[in-house]
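The values are calculated or read from the model by the stated rules, or taken from the named source; none is laboratory data. Bear in mind that the values here come from a model prediction, so they are computed numbers and not experimental data. Cβ placement follows ideal geometry from the backbone for every residue including glycine, while neighbour counts extend to all protein chains displayed. Keep in mind that these areas ignore ligands, DNA and RNA; they rest on the heavy atoms of the full protein, side chains included. Shrake-Rupley method; radii C 1.70, N 1.55, O 1.52, S 1.80 Å.
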Amino acid sequence: MDDAARRRQQQPAVEEGSSAKARELDPPLHAIGFEVEELSPSRITGRLLVTPTCCQPFKVLHGGLSALMAESLASMGAHMASGYRRVAGVQLSINHFRSAALGDTVLARAVPVHLGRSTQVWEVKLWKMDPSTGEKGLQIAESRVTLLSNLPSPEEHKNAGDALKKYASKL
């Protein structure tokens, strides 16, 4: 058995259906295999198994996918924290400290730093999961996402927050 297969076996079980939740909550996250675990206006968490689809040519997690996770988690949190008003990311800053290799599991957590009337700032951290404990290991990236949070929703998108409302109390 190779290291990647061993890591997958040691990975703790994730709530069944978390992939289906990701599909409904954020299709791009679902497309890369991200699984949403916690979902609230004050904290969003999830995980991603680094597969060949997620890697750049050196078989490590593509930095653009780290940015995708940061923007997506911060946007979901900001949407809920704003009372389900429309939000839009206006700035994303990300620092990559170390890589996550093919077969690693990346844990993600987004929390608000500032919840204002017109803007929000969210911090998103990514860690490699320690395969021996299933807990957070080394931090691989940290980002800060600034979002406008007072935008009106067009009538045709009034139900955009329905999936968040559906799952926020169930995770």
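Confirm whether TYR167 is aromatic (Phe, Trp, Tyr) and within 17 Å of the chain's Cα centre (by Cα). Against the criterion (aromatic (Phe, Trp, Tyr) and within 17 Å of the chain's Cα centre (by Cα)), TYR167 qualifies. Inspect region 73-88 for any residue being within 15 Å of the chain's Cα centre (by Cα), within 21 Å of THR51 (Cβ to Cβ) and touching a residue at least 12 places away in the same chain (Cβ under 8 Å) and give the result as yes or no. Yes, because at least one residue in region 73-88 is within 15 Å of the chain's Cα centre (by Cα), within 21 Å of THR51 (Cβ to Cβ) and touching a residue at least 12 places away in the same chain (Cβ under 8 Å). Does VAL14 satisfy being surrounded by fewer than 16 Cβ atoms within 10 Å (Cβ to Cβ), at pLDDT 95 or above and either assigned to a helix (DSSP H, G or I) or touching a strand residue (DSSP E or B) at 6+ places or on another chain (Cβ under 6 Å) (or both)? So VAL14 fails the test. Restricting attention to region 141-171 and to residues that are outside any strand (DSSP E or B) and hydrophobic (A, V, I, L, M, F, W, C), the residue that is nearest to THR105 (Cα to Cα) turns out to be LEU171. Candidates THR119, THR133: the one that is crowded, with 16+ Cβ neighbours inside 10 Å and β-branched (Val, Ile, Thr) is THR119. Residues in region 34-71 that are of a type in the set (Gly, Ala, Ser) and open to solvent by less than 10 Å² (accessible area, probe 1.4 Å): GLY46, SER66, ALA70.
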